[in-house]
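Enquirer: Questions regarding the structure given below will be posed in turn.
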Amino acid sequence: MKEKTIGLNRIIAVIVVLLVMVAGVLVLTRPYTGITETKAVLPAIGASPIYVEMKDGEVLERQYTAPNDQEISYLKLLLVNTTGSDKAKLNISVKDKAGSLLSEISKDISDFTVGDWTDVDMDLNFATGETYTFEFMPIECSPYFMQVEGYVLDISLGFECVTDKTVTYGDVFYYSIPILLLAGLLLISLIIGGTEVVCNIWKRISATGIVKKCGTEIFLILLFVTLSVNIYSTAYIKGVYITSDSNGYLREAVNIIAGNGYSYDGIAGYSSWFANWPIIYPAMIAFMMVLTGANAYLASKFVAILCIALIEIILYVAFKKDAWIYALALTNVGVLNMAYNTWSEIPFMVFMLLFGLLLGKIVSSEAVPYGVYVGLFLSGTATFLTRYFGIFVWVVAGIYWLLIFIKWWQTTADNEKKGLRNRISSGDGLLLKKLIGLAVSAALSGMVYIAYLVMNKIKNGNPTGVSRGTWWDDYKTLTDDLVKSLVTEIFNVFSIDVPKAISDKPVYLQVWFVIIISVFIGILIHKCLDGRGNILSRYMSTECVLIMMAIVYYGMFIVIRYRSSMDTFYFRFFAPATFLLTLGIIGLVLEKFDMSKAKGYLGVFVTVLVLMSLISICRETDFTHTGDYYDITINSWKSAYAQIPEKSVVIWSDVDYRSLWYRSDIVEGELYSDDTPESLKSRYYGSDYMCIRKDYAETILSEGEYDESFKGIIREAVTQSDAEAVYISIALR
C-alpha cells in the first residue's frame with residue numbers, strides 16, 4: 001500500500017510539473033504589453049577611416065529613397081570628432097519630397113559617444129519608393145560622420161525600424177523558455193528516478209555516451225557551422241570586404257572563368273600577366289565559382305569557409321580527440337577578420353599548417369615515410385604560390401636541417417678519429433635519410449620558386465609583379481604601428497578588444513606590455529620543455545616546430561616590412577604566425593600539465609559560448625537578402641557604370657576601386673598633355689571606347705593644355721552628350 005502511495009505521489013508531482021511547464025511557456029509566449037519588436041538597420045563601417053565633415057553652421061544634406069514601407073522609432077548616428085563648446089548641438093531635420101518638414105530635433109553634441117552608435121528619438125513613417133531629405137547642421141562644433149561606400153546614404157546613419165513581430169515575455173527574458181523546459185525535465189527525472197539514479201545515468205553517459213565518443217567531432221562541426229554562418233553573415237549580408245589586393249584576386253578569377261588564364265586584363269582586351277600576387281588563391285576562387293555558380297566575391301567567401309573546414313580536418317587528423325582545443329585558435333579575431341576579407345592569408349594558413357605538421361613529424365619521428373617528404377615539398381611549394389612570403393617555411397626547415405645535422409654528427413662513433421667521409425658512411429642512417437629528404441624537398445621546391453619568378457620576370461618585367469623598395473615610410477610611425485599591432489595580437493587570441501587602460505597609454509609604455517607578455521610566453525615554453533633531455537632533442541617536436549615557424553615568421557616579416565613599402569603592421573600580417581604560436585603553446589601545455597579535469601569544464605564552457613554565438617548570429621541576420629549590404633553595393637556599381645560602354649578605358653576614374661572585378665572589361669587610364677588621338681589608340685589598344693567624366697572634359701577644354709586635335713574630339717563629345725550625362729564616350733576603334 002505504501003509503494004502504491006509513493007507511485008501515485010510521483011505521478012501527481014510529474015503532472016504538476018508538466019502543468020507548470022505548459023503554463024510557463026504560455027505566459028512567456030504572450031505579448032509583452034503590446035510592444036512590437038524593432039530591428040536596427042545599420043551600414044557596415046569599413047576598416048579604413050574615411051570621414052564626411054560637418055562644418056559649424058553649415059547644413060549637410062543626404063537623400064534617402066525608402067526601399068519599402070518603414071516605421072522608424074529613432075535614428076542611429078555614429079560620429080567622431082564631437083568636441084565643441086558647452087552649447088554645442090546637432091540640429092537634425094527630415095523633409096519629404098515636397099520640402100515639408102516631417103520631424104526636427106536638436107541634440108547636445110555631448111550626448112554622442114565617439115565611435116559608437118547613438119540613438120536619436122525621431123518617429124518617422126517612410127513609404128516605398130518615396131524620397132526623403134535628411135539635414136544635419138552642427139552648432140559650435142564640427143563633428144564627422146564615417147563615410148560608408150556603397151551605402152545609399154553613404155554616411156554612418158542608420159535606423160531602428162518597427163517590425164510586425166510582437167515582443168513576448170520570452171523575448172524580454174533571454175533563453176527563459178529553453179531554461180524552463182530543461183529545468184522541468186530535470187525535475188521530472190529527479191521525481192521519477194531520484195537523485196542517485198539520475199547521477200548514475202549521467203555518470204554512465206559521461207563514461208560511455210556520445211560526449212566521450214563523439215564530443216570532439218560534434219564540437220568541430222558546431223564550430224565550423226558557427227564560423228561559416230558568421231563569415232557569410234558578416235562579409236556578404238552585412239558588409240563587403242574588398243581591398244585593392246582583393247580586387248586583383250577577384251578580377252583574375254573572373255578572367256580565369258572567361259578562359260583568359262592568368263591575364264587579369266584579358267576580358268578588357270589587353271595582354272597582361274598576373275604577377276603581383278601568386279596564382280593559387282584566384283584559382284581557388286575560380287574553381288568555387290564553377291562549383292557553386294556564385295559570383296566571384298561570394299565564391300571567395302566559400303573559399304574561406306572551405307579553408308576553415310580543411311584546417312579543422314588537418315587538426316583532427318593530427319591531434320585526434322584533442323583537436324577541439326586546437327581548433328579554438330580559429331576564433332582569433334585576426335583570423336576571423338582575414339576570413340571576412342578577400343585575401344590569400346586563409347588558404348595560406350592551410351598550407352602553412354600542413355607544412356608545419358609534416359616537418360614536425362619528420363623531426364620527431366624515428367622512421368619517416370617517403371610520402372611525408374613529398375607532402376612537405378607540395379605544401380611548401382603551395383605556401384609560396386599562395387603568398388610570396390611563403391618562402392619563410394624553408395628557412396624554418398633549414399634551421400631544423402642544421403639541428404638534425406648536428407645530432408647526426410654527434411651520434412657518429414669515434415668522432416675525433418674519423419673524418420667526414422667515414423662519418424657519412426658510418427653515421428646514423430635514419431638521421432642521414434632525414435637530411436637527404438629535407439634537402440631534396442627544399443631543392444625541388446626552390447626550383448619551382450625560381451622557375452615561377454623567372455617566368456614572372458619574362459612576362460611582367462618584375463619577379464613579383466612590382467618594385468617593392470622602400471620609398472615613403474616614416475619609421476617612427478611604423479614602429480608605433482608595430483607595437484600597437486603586437487598588443488592587439490595578444491588580445492585577439494582571446495577574441496576581445498584591447499582594454500582602454502592599455503590602448504590609451506602612450507606607445508612607449510605599451511612596449512613594456514609586449515615585453516612582459518613575450519617574457520611570460522618564453523618562461524611558459526621553457527617550463528613546458530624542461531626535462532625533455534639535452535638542449536638539442538628538447539626542440540625536436542611538432543609543437544616546437546610550430547612555435548619556431550611563428551618566431552621566424554614574426555622576425556622575417558618585421559625585417560622585410562622595414563625594408564619594403566606596403567601596408568602598415570596590423571592583423572593581416574601577424575595573425576597566421578599568432579595562429580601557429582597558439583597551436584604550439586596549446587600542445588606544450590597539454591603535454592606538460594594534467595588537463596583532464598580542466599578540459600571537461602573548458603569543453604562545456606566553450607560549447608555553450610559557440611552555441612550562443614550561433615543562435616545570436618542567426619537571430620540578428622536576415623538571410624532573405626532583402627536590401628543586404630552586398631546588394632546595395634552592387635546596385636551602386638550598376639548605377640556608376642551605367643553610362644560606361646563595354647571595353648572602355650576610364651580616364652582619371654573615380655568609380656569605386658573595389659568594383660574593377662565587377663566590370664573586368666574596363667581599365668583605368670591616364671591622360672597626358674602631349675596625348676593625341678593616335679597615341680591614346682596605341683596605348684589603350686584593347687579598349688573600344690575612352691570615357692571621361694563630363695566635368696573633367698569641360699575643364700580640359702577650358703584650362704587644359706592639350707593637343708588641339710584631341711580637344712576637338714573632346715569638344716564634339718561634350719556637345720553631343722545629354723545634359724544629365726556624367727560621362728562622355730569617345731570611340732577608339
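The values are calculated or read from the model by the stated rules, or taken from the named source; none is laboratory data. Small disclaimer: the values here were computed from a predicted structure and weren't measured. Neighbour counts are summed over all protein chains in view; Cβ atoms, including those assigned to glycine, are modelled from backbone coordinates with ideal geometry. These accessible areas exclude ligands, DNA and RNA; they are computed on the full protein's heavy atoms, side chains included. Shrake-Rupley method; radii C 1.70, N 1.55, O 1.52, S 1.80 Å.
Enquirer: Cβ-Cβ distance below 6 Å, separation of 6 or more or different chains: which pairs start in region 373-387 with a residue that is without any contact (Cβ under 8 Å) to a residue 12 or more places away in the chain and end on one that is surrounded by fewer than 24 Cβ atoms within 10 Å (Cβ to Cβ)?
Expert: Hits for this filter: zero, empty list.
Enquirer: Out of all the residues in region 667-678, is one or more closer than 30 Å to Trp343 by Cβ, of a type outside the set (Asp, Glu) and surrounded by 20 or more Cβ atoms within 10 Å (Cβ to Cβ)?
Expert: Yes, the conditions are met somewhere in region 667-678.
Enquirer: Any idea which of Ile15, Ile11 is open to solvent by 90 Å² or more (accessible area, probe 1.4 Å), at pLDDT 80 or above, within 30 Å of Gly194 (Cα to Cα) and among the β-branched types (Val, Ile, Thr)? Before you say what the answer is, go through the steps one by one.
Expert: Numbers: Ile15 fails: open to solvent by 90 Å² or more (accessible area, probe 1.4 Å).
Exactly one of Ile15, Ile11 is open to solvent by 90 Å² or more (accessible area, probe 1.4 Å), at pLDDT 80 or above, within 30 Å of Gly194 (Cα to Cα) and among the β-branched types (Val, Ile, Thr), namely Ile11.
Enquirer: Can you find even one residue in region 577-600 that is hydrophobic (A, V, I, L, M, F, W, C), open to solvent by 50 Å² or more (accessible area, probe 1.4 Å) and not in a helix (DSSP H, G or I)?
Expert: yes
Enquirer: Restricting the first residue to region 480-508 and requiring it to be closer than 20 Å to Arg561 by Cα and in contact (Cβ under 8 Å) with a residue 40 or more places away in the chain, which pairs with a second residue that is surrounded by fewer than 20 Cβ atoms within 10 Å (Cβ to Cβ) and aromatic (Phe, Trp, Tyr) meet a Cβ separation below 6 Å and a spacing of at least six or different chains?
Expert: Short answer, once both residue conditions are applied: Ser485/Tyr570.
Enquirer: Limited to region 366-390, what total is found for residues that are not small (Gly, Ala, Ser) and not in a helix (DSSP H, G or I)? Outline the logic, then answer.
Expert: Looking only at region 366-390, we keep the residues that are not small (Gly, Ala, Ser), and these are 366, 368-370, 372-374, 376-378, 381, 383-389.
Right, trim to not in a helix (DSSP H, G or I) and you get 366, 368-369, 387.
The total comes to 4.
Enquirer: Additional query: Can you pull out the strands (runs of 3 or more DSSP E) entirely within region 101-198 that have at least 3 residues that are surrounded by fewer than 17 Cβ atoms within 10 Å (Cβ to Cβ)?
Expert: Those strands (runs of 3 or more DSSP E) span 101-108, 117-126, 131-141, 157-168.
A quick yes/no check of all residues on (1) hydroxyl-bearing (Ser, Thr, Tyr); (2) surrounded by fewer than 21 Cβ atoms within 10 Å (Cβ to Cβ); (3) closer than 16 Å to Gly603 by Cα; (4) at pLDDT 95 or above:
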{"position": "Ile313", "(1), (2), (3), (4)": "no, yes, no, yes"}
{"position": "Asp322", "(1), (2), (3), (4)": "no, yes, yes, no"}
{"position": "Ala339", "(1), (2), (3), (4)": "no, no, no, no"}
{"position": "Trp343", "(1), (2), (3), (4)": "no, no, no, no"}
{"position": "Pro347", "(1), (2), (3), (4)": "no, no, no, yes"}
{"position": "Met352", "(1), (2), (3), (4)": "no, no, no, yes"}
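Enquirer: Among residues belonging to region 403-449 that are modelled with pLDDT under 65 and among the small types (Gly, Ala, Ser), point out the one that is nearest to Ser379 (Cα to Cα).
Expert: My answer is Gly427.
Enquirer: Would region 652-661 turn up any residue that is closer than 30 Å to Phe520 by Cα, open to solvent by less than 50 Å² (accessible area, probe 1.4 Å), modelled with pLDDT of 85 or more and of a type in the set (Gly, Ala, Ser)?
Expert: Step one: of region 652-661, the residues closer than 30 Å to Phe520 by Cα are none.
The answer is no; no qualifying residue exists.
Enquirer: Please verify whether Ile551 is open to solvent by 60 Å² or more (accessible area, probe 1.4 Å), at pLDDT below 90 and under 27 Å from Phe389 (Cβ atoms), treating the condition exactly as stated.
Expert: On the way: open to solvent by 60 Å² or more (accessible area, probe 1.4 Å): yes; at pLDDT below 90: no; under 27 Å from Phe389 (Cβ atoms): yes.
Answer is no for this residue.
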